[in-house]
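The values are calculated or read from the model by the stated rules, or taken from the named source; none is laboratory data. Please read all numbers here as calculations on a predicted model, not as lab measurements. Please note: Cβ atoms are built from the backbone with ideal geometry, for glycine as well, and neighbour counts cover all protein chains shown.
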Amino acid sequence: MKYFVALTFSLALLIFSKAYAYPNMIRHGYLNCMGCHYAPEGGSLLTQYGKGISQAMSFKGGEYTPSESKIVDDITLGGRLHHSIQFRGMTVRRGEPVAGKRYRTFPMQADYINQVDWAPGLRHEIILATAPNTARRRGVDENTNSKSSFTERLYFRTFKLEWMFIKGKKIAVGHDTLPMGLGIADHTAYVRERNRLGVTDVPLQFQFFSVSANWQSALSLFLPNNSDLKNNREKGLMGKSEFAFFRNFAVGLQGLTSNGKSINRRLLGATIRWGIPQFSILAENNYTERHISGASVTFPQWTNYLELGLFPKDYLKIFWNFQALTVSDPFFERERLTGLGFEAHWMANITSLVEARKRWSSVLDEKILMAQIFFNLW
Amino acid sequence: MKRIFILSFALICAPQSFAQNKDLKLEGELKYFVDTNMPGVNFEGKANSFESIKATLIEANKEIKLRDIELIISSEKLNSGIEMRDKHTQDKIFAPANGGTAPCKILLTIKEAKCSGEKEKYTCSGDGQLKIGTKEVARSFIFNMGKEGEIKSALEINLSAFGIKAPTYMGVEVNDQVKIQFSAKNKSL
């Protein structure tokens with residue numbers, strides 16, 4: 001009954017949506033995110049075409065018509081200034097009460113995104129984000145009894161200048177999340193969180209992107225972010241390439257090498273994306289080896305992600321995911337997570353997601369029901 | 001007289017005695033592949049609900065032919081997986097200005113196609129018509145035929161060559177060249 005209440009509550013709050021990339025859009029022939037997002041790696045601002053697709057694939061449906069108002073034209077510098085606000089709210093119901101509470105409802109994320117096209121191919125992108133202090137280190141699941149506010153931190157999740165010098169070839173400099181992996185929205189996924197791809201892991205980067213009809217690559221030389229803890233600062237190089245063998249099947253390989261003040265790490269990973277209009281599979285496996293400087297200790301880590309998605313309607317996704325984390329001695333950890341849920345895209349800028357999760361290890365057996373709402377105001 | 005009669009009878013009957021005509025009961029699929037001006041943004045659609053799909057297989061003296069190939073499908077049966085995209089395809093490709101009436105008929109007819117090759121692996125070619133609405137977009141066809149009646153054909157057409165303007169939507173423009181693929185299996189075997 002309480003699960004039902006949480007579900008109803010989340011549905012009653014359907015006033016939000018997200019502007020993340022959907023890697024499973026490969027099922028409709030979108031190998032990269034370039035058609036719908038200004039950034040080929042996805043996320044951030046939607047192009048006019050992306051807004052059209054978002055509208056067309058929503059429950060409401062219909063045509064998206066851009067504003068032709070003179071005022072809007074003036075405010076947006078003749079269409080060269082793009083911006084939006086995105087917000088994510090969440091309600092969590094835990095299997096076992098924590099500090100006497102089973103439920104917690106909280107705003108999780110609020111971003112202001114700004115982009116100006118300075119010249120053809122040249123643009124800046126800024127994402128000014130807020131987050132609770134604890135989100136950086138512990139993620140949402142462990143944090144449900146915390147009293148922290150999501151406005152405790154204000155930081156630039158993206159602050160970069162980009163230049164597309166040839167169609168499909170782009171260089172960028174600035175702070176950003178490393179363009180690795182599938183690009184799934186859940187920053188608490190092991191493949192992200194355990195590989196420093198959380199929302200506040202935004203090193204200073206020199207990026208290069210290349211996309212073609214059946215190929216996309218990203219290369220990044222990264223330097224420490226001054227807002228990181230001193231011992232967490234690292235510099236290194238990462239690369240990722242994804243090749244589409246067919247229009248709806250792509251395999252990717254990625255690697256990273258970095259040196260930090262206390263830890264050096266090497267990562268090797270693979271991704272798979274496959275889909276037909278009604279079904280999709282996403283998979284990512286990463287092997288990470290960390291070496292503690294000065295202690296001659298090296299320990300490997302495996303992170304895995306698998307998601308099966310069923311799309312009975314354009315706007316409705318039913319999904320099941322399985323995640324695994326294995327860390328070897330001397331920091332042994334073995335944890336599994338599985339989730340079953342649905343995501344409904346109600347309007348062009350309103351999406352809801354409900355997921356029942358179970359996470360377990362030798363010391364943990366946790367059940368969580370989460371309901372998220374996403375709103376994107378453009 | 002008897003000899004002449006036997007000879008005449010043999011001459012009249014010989015070709016027919018080795019000829020086999022089979023009306024194929026086909027079930028097929030039409031696919032189309034579209035690229036756009038955005039690298040990595042391309043899509044495909046398909047239709048498998050035909051108004052008419054038929055052909056006759058003729059085997060005579062080791063010669064294989066396909067005759068009276070006819071394939072008719074309504075443009076509204078084309079499905080790319082996104083409803084709005086299909087609506088745009090109807091409105092922009094099959095619009096009256098492009099010779100269509102949205103929905104209009106896509107019609108493929110080939111009177112006769114001669115096949116050559118090894119058993120179960122033939123290459124066939126023939127002249128006919130591929131029409132979208134009232135507009136003819138292709139005339140000659142080459143296709144492969146495998147086990148009896150298994151047909152696969154692919155052709156590329158340039159929309160502009162037939163006066164069809166490639167559609168655009170919010171900055172994403174469909175490439176002029178569109179690939180069409182047709183495959184069919186013989187149910188009666």
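Listing for the model above:
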quantity	calculated
Test: residue in the range B:67-83 that is closer than 25 Å to A:E63 by Cα, in a strand (DSSP E or B) and more than 12 Å from the chain's Cα centre (by Cα)	yes
Residues of the range A:209-238 satisfying the condition of being more than 14 Å from chain B (Cβ to nearest Cβ) and in contact with a Phe, Trp or Tyr (Cβ under 9 Å, 6 or more places away or on another chain)	A:L219, A:S220, A:L221, A:F222, A:L223, A:S227, A:E234, A:K235, A:G236, A:L237, A:M238
Residue in the range A:240-249 that is closer than 27 Å to A:K317 by Cα and in contact with an Asp or Glu (Cβ under 9 Å, 6 or more places away or on another chain) present	yes
Residue list for the range B:32-66, filter: within 11 Å of chain A (Cβ to nearest Cβ) and assigned to a strand (DSSP E or B)	B:F33, B:V34, B:D35, B:T36, B:V41, B:N42, B:F43, B:E44, B:G45, B:K46
Any chance B:K179 is within 14 Å of chain A (Cβ to nearest Cβ), at pLDDT 85 or above and farther than 30 Å from A:F59 by Cα	yes
Hits in the range A:168-195 - residues which are in contact with a helix residue (DSSP H, G or I) (Cβ under 8 Å, 6 or more places away or on another chain) and either of a type outside the set (A, V, I, L, M) or assigned to a strand (DSSP E or B) (or both)	A:G181, A:G183, A:D186, A:H187, A:T188
Tabulated pairs, the range B:151-171, first in contact (Cβ under 8 Å) with a residue 12 or more places away in the chain, second among the acidic types (D, E) and assigned to a strand (DSSP E or B), C-beta under 7 angstrom, 6+ apart or interchain	B:N158/B:D176; B:L159/B:D176; B:S160/B:D176
Count of the range B:132-160 residues which are among the charged types (D, E, K, R), closer than 18 Å to B:G28 by Cα and under 14 Å from the mean Cα position of the chain (by Cα)	2
Selection from the range A:360-378 of residues that are farther than 30 Å from A:H82 by Cα and either in contact with a helix residue (DSSP H, G or I) (Cβ under 7 Å, 6 or more places away or on another chain) or of a type in the set (F, W, Y) (or both)	A:W360, A:I368, A:L369
Enumeration of residues in the range A:255-278 that are among the hydrophobic types (A, V, I, L, M, F, W, C) and modelled with pLDDT under 95	A:I263, A:I276
Those residues of the range B:5-30 which are modelled with pLDDT of 75 or more and either out of contact with any Ser or Thr (no Cβ under 8 Å at 6 or more places or on another chain) or at positive phi (or both), in sequence order	B:Q20, B:L26, B:E27, B:L30
Filtered residue count, the range A:289-322, keeping only those that are out of contact with any Phe, Trp or Tyr (no Cβ under 7 Å at 6 or more places or on another chain), within 14 Å of chain B (Cβ to nearest Cβ) and among the charged types (D, E, K, R)	2
Only one of A:I318, A:I368, A:I292 that is of a type in the set (A, V, I, L, M) and surrounded by 16 or more Cβ atoms within 10 Å (Cβ to Cβ)	A:I368
Options B:D127, B:D86: the member that is more than 14 Å from chain A (Cβ to nearest Cβ) and either assigned to a strand (DSSP E or B) or in contact with a strand residue (DSSP E or B) (Cβ under 9 Å, 6 or more places away or on another chain) (or both)	B:D127
Test: residue in the range B:92-99 that is within 14 Å of chain A (Cβ to nearest Cβ) and modelled with pLDDT under 85	yes
